[in-house]
There are 2 protein chains.
Amino acid sequence: MNDKHNVTADRLRGFVATAFQACDMPERNAVRMAQLMVESDLGGQDGHGVFRLPMYIKRIRAGGMSVDPDISVISERTATALLDGGNGPGHLVMSRAAELAIEKAKTCGVAWVGARHSNHAGPAFLYARMPLEQDMIGLYVAVGSANHMPPWGGTDLLLSTNPISVAVPSNTQPDVVLDMATTVAAYGKVKTAADRGETMPEGWMIDKIGQPLTDPTRSSEGLLLPIGGPKGYGLSLIFGLLAGTLNGAAFGKDVVDFNADPKATTNTGHFVVALDIAAFADVETFKTQIDGIWGEMKSSALLPGVEDIRLPGERLAATTAKRNAGGIPIPQTLAKRLDALADELGIERL
Amino acid sequence: MNDKHNVTADRLRGFVATAFQACDMPERNAVRMAQLMVESDLGGQDGHGVFRLPMYIKRIRAGGMSVDPDISVISERTATALLDGGNGPGHLVMSRAAELAIEKAKTCGVAWVGARHSNHAGPAFLYARMPLEQDMIGLYVAVGSANHMPPWGGTDLLLSTNPISVAVPSNTQPDVVLDMATTVAAYGKVKTAADRGETMPEGWMIDKIGQPLTDPTRSSEGLLLPIGGPKGYGLSLIFGLLAGTLNGAAFGKDVVDFNADPKATTNTGHFVVALDIAAFADVETFKTQIDGIWGEMKSSALLPGVEDIRLPGERLAATTAKRNAGGIPIPQTLAKRLDALADELGIERL
């Protein structure tokens, strides 16, 4: 177990799948969950991968999430569908949604598939990236799994980080993959700062009288700030309407804190859009143009002190390559939690 | 002419249509342009309405924009289309795009229509709002008409404000209409500050060594800042790829400054999405839920010093109502420009 702090993706996938199967999740679901969760860790989204396993298992064992959900189509048009996720893990629901969107976009050119009665699905990029293999552009939006933001000017926690991801394939360069919260900092970054005993920079949170809040251990008293002030608030609100309300999923005061209550049904909403490049352009030409844009941005003159222009998706690609080669780092605190989980489930430790 | 500084919408529409017709624009196009441009002014988007008329006319007379464009479908699927705007005004091109998207969404549930060889189209909300009459949600994104932003960390002006608008219909409350640039301030606000002799707040622009730039008369040396730092940069970039590159329209270094060169073809790109609410939900129930969300946000406790929570679209609705009743204010500087334009065209002054 000397390599516990740097495990291979295969080994981590095996552990995750075994853990879910120990909770009676069917093998095909457990394998799919493991694949997607470890894809998060490979991509450097440490707060959205195996880090979440203990919480998912807790929810499953409390009866708050189904291991074998009946994911069904509630309504359908040629280019749209609304899925009921059967209270399954968001990964399974939104994988199905992306598959359906891709299938529909092959003929229609574009497809928009929403889902209700789903759960936390990990990082947004997973689903935005799925259409890329079919030479499509992907777009994904979710209602975040807990409210940590008020409407602009208010103090009631009615909004979440409601993230958006858009993925555009390139030819020889890394794919352009934007994956962002509508808040200055995702709540996971606040929790990470607390774990590490760090102070938060001003601008991440304020308290309920509008003063900067920089102590992450006081985050429960704080309000996340949106990007661009009222603009980020507007984005979070409108994404919530599209991913939540339109799908008959929770939004606003109906959002259940995923971490606080493992039994309550979250009714998480998300949507995914697949857009077929060939409906607009020659695919190879387009992908080569994306390479060109990559080079164009990279070759900009720099501000003093800046070493490099980055494109969205650049770090994701680099981290994935690095961790596929050298393994995924598991911090000591997480390793202990996973050991305890393994013991609890009666499975072999990681 | 005592009421020159507060004109009725009808009168302003008449003036705009007459001005375009004096430049040989066919009547139906001129009337449509007038209707949409004055809709901008009614909604309070003063920088995007009749304010732009002298520039549009200048471009038309220089041969840089067609008054009777052949707007054609280049490629089409059941739920998508790509239009060639025939170098016509963006208003005409994107009206057509929205009509086509709405028509397609009626059967498909969603439709995405992009355009190339278009021009500046006024404020984004005009096109996002068009699907609302058919009980659809609208979404519109454009490549901005001049680059004023570098990639994050750089100084080359390769990106524009690339705005997004999303419109969601309500029942008894104003429709929710988000209309935002991906920059902290739209460039028009910088120009307005310069006109008024005002100083800009820190955070709007920096100079090429990264220092805050607050003198708007020096804006040509400055760089607009994106909302949320790298996030707004990412949004601007990805919207540019979707609205520009995918449509075969200009993006990055190919963007022509609409104001600087009235002869060069801008090849402006935009796209509009229509999403049929009935494909997902009962329309009346949904619109009533939007009313409910409105009330929920409004009833939040407030930060000290804040009087009211606003929703996106609230000011638009209020300003439209006010100006429909009491007329549209025309500042003295604009009135002089319009008088000069009228004289130049040999038409009656406003």
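Extent of chain A along its three principal axes (Cα atoms, max minus min coordinate, largest first): 54, 48, 46 Å.
Run through every distinct alpha carbon pair of the protein assembly as shown and return the Kirkwood hydrodynamic radius in angstroms, one decimal place. Kirkwood hydrodynamic radius for the protein assembly as shown: 26.1 Å. Once the Cβ-Cβ distance of residue A:172 and residue A:133 is raised to the sixth power relative to R0 = 22 Å, the FRET efficiency obtained is 0.85. Over all Cα atoms in the range A:16-68, the spread is summed up by Rg and Dmax: 10.6, 30 Å.
The residues A:51, B:125, when put in order of fewest to most other Cβ atoms within 10 Å, stand as A:51, B:125. Neighbour counts of other Cβ atoms within 10 Å put B:31, B:50, A:73 in the fewest-to-most order A:73, B:31, B:50. Along the axis of the charge dipole computed for chain A (Cβ charges of +1 for Lys and Arg, -1 for Asp and Glu, origin at the Cα centre), the listed residues A:120, A:172, A:294 are led at the positive end by A:120. Its DSSP H runs of at least 4 residues, each contributing -39,500 (n - 2.57), put the calculated 222 nm mean residue ellipticity of the protein assembly as shown at -11500 deg cm²/dmol, to the nearest 500. A prolate overall shape is assigned to the range B:185-225, the ratio a/c of its alpha-carbon gyration tensor axes (a ≥ b ≥ c) being 1.5 or greater and a/b exceeding b/c.
Going by a ≥ b ≥ c, the root eigenvalues of the Cα gyration tensor, does the range A:237-308 fall in the rounded group (a/c under 1.5), the prolate group (a/b larger than b/c) or the oblate group? Oblate.
If R0 is taken as 25 Å, the Cβ-Cβ distance between residue B:76 and residue A:283 corresponds to a FRET efficiency of 0.90. Note: relative contact order over the range B:185-225, using C-alpha pairs below 8 Å and six or more positions apart, is 40 percent. About the Cα centre of the range B:185-225, how large is the charge dipole given +1 on each Lys and Arg Cβ and -1 on each Asp and Glu Cβ? Please answer in debye to the nearest 20. The calculation lands at about 120 debye. Compare the Cα positions of B:304, B:277, B:318 along the charge dipole of the range B:268-350 (+1 at Cβ of Lys, Arg; -1 at Cβ of Asp, Glu; about the Cα centre) and return the one farthest towards the positive end. The residue sitting farthest along the positive end of the dipole is B:304. Shown for A:70, A:276, B:215: other C-beta atoms within 10 Å of each C-beta, ranked fewest to most, produce the order A:70, B:215, A:276. Which of rounded, prolate or oblate describes the range B:263-341 when judged by the alpha-carbon gyration tensor and an a/c cut-off of 1.5? Because a/c hits 1.5 or more and a/b fails to exceed b/c, the range B:263-341 counts as oblate.
In the elastic network of chain B, a GNM with C-alpha springs shorter than 10 Å, the most mobile of B:17, B:193, B:124 is B:193.
When only the Cβ of Lys, Arg, Asp and Glu is charged (+1, +1, -1, -1), the dipole of the protein assembly as shown relative to its Cα centre reaches about 340 debye. In this Cβ point-charge picture (+1 for Lys and Arg, -1 for Asp and Glu), the range B:15-157 has a dipole of about 160 debye about its Cα centre. Report the paramagnetic label zone for residue B:215: residues of the range B:177-199 whose backbone N is under 20 Å from a point 7 Å from Cα along the Cα-to-Cβ axis. Zone members listed by number: B:189-199.
A dipole drawn for chain A from +1 and -1 charges on Cβ atoms has a positive end, and of A:62, A:35, A:148 the residue lying farthest that way is A:62.
Values quoted throughout were computed directly from the atomic coordinates according to the rules given, and no laboratory measurement underlies them. Predicted model only: the values in this text are computed from it and were never measured. For neighbour counting, all protein chains shown are included, and Cβ atoms are generated from backbone atoms with ideal geometry for every residue, glycine included.
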